[in-house]
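The values are calculated or read from the model by the stated rules, or taken from the named source; none is laboratory data. Because the structure is a prediction, the values reported are computed rather than measured. Cβ placement follows ideal geometry from the backbone for every residue including glycine, while neighbour counts extend to all protein chains displayed. Quick note on the areas: whole protein, heavy atoms, side chains included, nothing else; ligands and nucleic acids left out. Shrake-Rupley method; radii C 1.70, N 1.55, O 1.52, S 1.80 Å.
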Amino acid sequence: MFGSRTLRTAVAWRGPIVQFKLSDIGEGIMEVTVKEWYVKEGDKVSQFDSICEVQSDKASVTITSRYDGVIRKLYYDVDGTALVGKPLVDIETESGSELSQEEDVVETPAMAREEHTHQEIKGHKTQATPAVRRLAMENNIKLSEVVGTGKDGRILKEDILNFLAKQTGAILPPTPLFHEIQTPGLAPSTPAATPMSIPAGVKPPPTAPKPVFSGKDVTEPLKGFHKAMVKTMTAALKIPHFGYCDEVDLSRLVLLRSELKTTAERHGVKLSYMPFFIKAASLGLLHFPILNSSLDEGCQNLIYKASHNIGLAMDTSQGLLVPNVKNVQSLSVFEIAQELNRLQALGAAGQLGKSELNGGTFTLSNIGSIGGTYAKPVILPPEVAIGALGKIQVGSKPSHQ
């Protein structure tokens, strides 16, 4: 008599795998650069979870999921070029879930930069994305102290930036554009560079980094904002330019700002000279409306703009960007300062979106921030004029008023 055994096998039934394609994000954009993945292969995702952040030549956007399931494949590496209409990730969907043939959800920076992971804080769940948590951590902000304006109280990046501006009036420092190159094995060139030769309380002058030559040429493709900047500057140089420089006595403005600065700080607003210049430019545009106009593509018609959307050129880690303050003609200097604080914080965090970058009618470029006195800026098409500001310095008064 033989004994018998029953062999049982377990079969894992998998749901269908969906190719999650990059949808059209508008404005004729056909490719984007993948800047950051929020998921990896094997991660479980739910609908509206953030998948990745991509950057076009217009703005950064966050891609979110339409499906519940598990990430099975990432089609691109970080800094890879993703094409519209091509697969971005493969998602193994839950067998019982309804599948939709719709493509991915694109969230612009002005929409939800949310998170669908949770953190227990003081007995309740705080919802925020990894990018939001990182921004809060870098600025020593407790998420429990921030009021979320997203769905179900989710904390958005705008909530962190607004909290920072209201509480401290601080502007986030921009990401350094270069790092000092350390050359090993080099001793100080002369004994005179020792702290003994520097008076107490005076910082030693910064030492220039020693260049390191690799001996190889490096080719780097232009992507995202850098690519757009090259195109825009190339188009700008086709515009006939006329430049004019002058000096203005700002003694009364310096006094006025010093009187208002403390009041602004009490309201969490950093008051620089730029809000005054932006408002002054708007008042000038009221007298010379042709400077607040644009030409159509065929150079047949001049379009006079009703709104004064004044842009400010910003040197950010993403390149040269020109966000604009909308409807300056209707704003006070204090309101302009508030909006400028917000734009500077977004620029420092790399989160300027289409709503901040589009629609400008006139631009100011402030080279005084780097110590310059005169400049010849290039017009940002389709605008017809641009202004440049040098540094404020003590000197003899101009001979005219």
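Any idea how many residues of segment 247-284 are closer than 27 Å to Leu380 by Cα and either without any contact (Cβ under 8 Å) to a residue 24 or more places away in the chain or assigned to a helix (DSSP H, G or I) (or both)?
11
Does segment 339-349 include one or more residues that are assigned to a loop (DSSP other than H, G, I, E, B), of a type in the set (Gly, Ala, Ser) and open to solvent by less than 20 Å² (accessible area, probe 1.4 Å)?
No.
Would you pick out the residues in segment 285-327 that are in a strand (DSSP E or B) and open to solvent by less than 30 Å² (accessible area, probe 1.4 Å)?
Ser293, Ser294, Ile310, Gly311, Leu312, Met314, Thr316, Gly319, Leu321, Asn324, Val325 - these are the residues of segment 285-327 that are in a strand (DSSP E or B) and open to solvent by less than 30 Å² (accessible area, probe 1.4 Å).
Given (1) farther than 27 Å from His267 by Cβ; (2) over 19 Å from the mean Cα position of the chain (by Cα); (3) at pLDDT below 70; (4) surrounded by 10 or more Cβ atoms within 10 Å (Cβ to Cβ), where does Pro130 come up short, assuming only one miss?
So the condition that Pro130 fails would be (2).
Quick one: in segment 53-68, which of the residues that are more than 16 Å from the chain's Cα centre (by Cα) and not aromatic (Phe, Trp, Tyr) is nearest to Glu92 (Cα to Cα)?
Asp68
Let me spell it out: the conditions are (1) closer than 19 Å to Leu161 by Cβ; (2) in a helix (DSSP H, G or I); (3) in contact with a helix residue (DSSP H, G or I) (Cβ under 7 Å, 6 or more places away or on another chain), and Glu335 meets all of them except one. Which number is the exception?
With respect to (1) closer than 19 Å to Leu161 by Cβ; (2) in a helix (DSSP H, G or I); (3) in contact with a helix residue (DSSP H, G or I) (Cβ under 7 Å, 6 or more places away or on another chain), Glu335 is out only on (3).
Under the condition of being of a type outside the set (Val, Ile, Thr) and more than 30 Å from Met229 (Cβ to Cβ), which residue from segment 49-79 is modelled with the lowest pLDDT?
Looking at the filtered set, the residue picked out is Arg66.
Name the residues in segment 29-76 that are open to solvent by 50 Å² or more (accessible area, probe 1.4 Å), in contact with a helix residue (DSSP H, G or I) (Cβ under 7 Å, 6 or more places away or on another chain) and of a type outside the set (Lys, Arg), would you?
Result: Asp57, single match.
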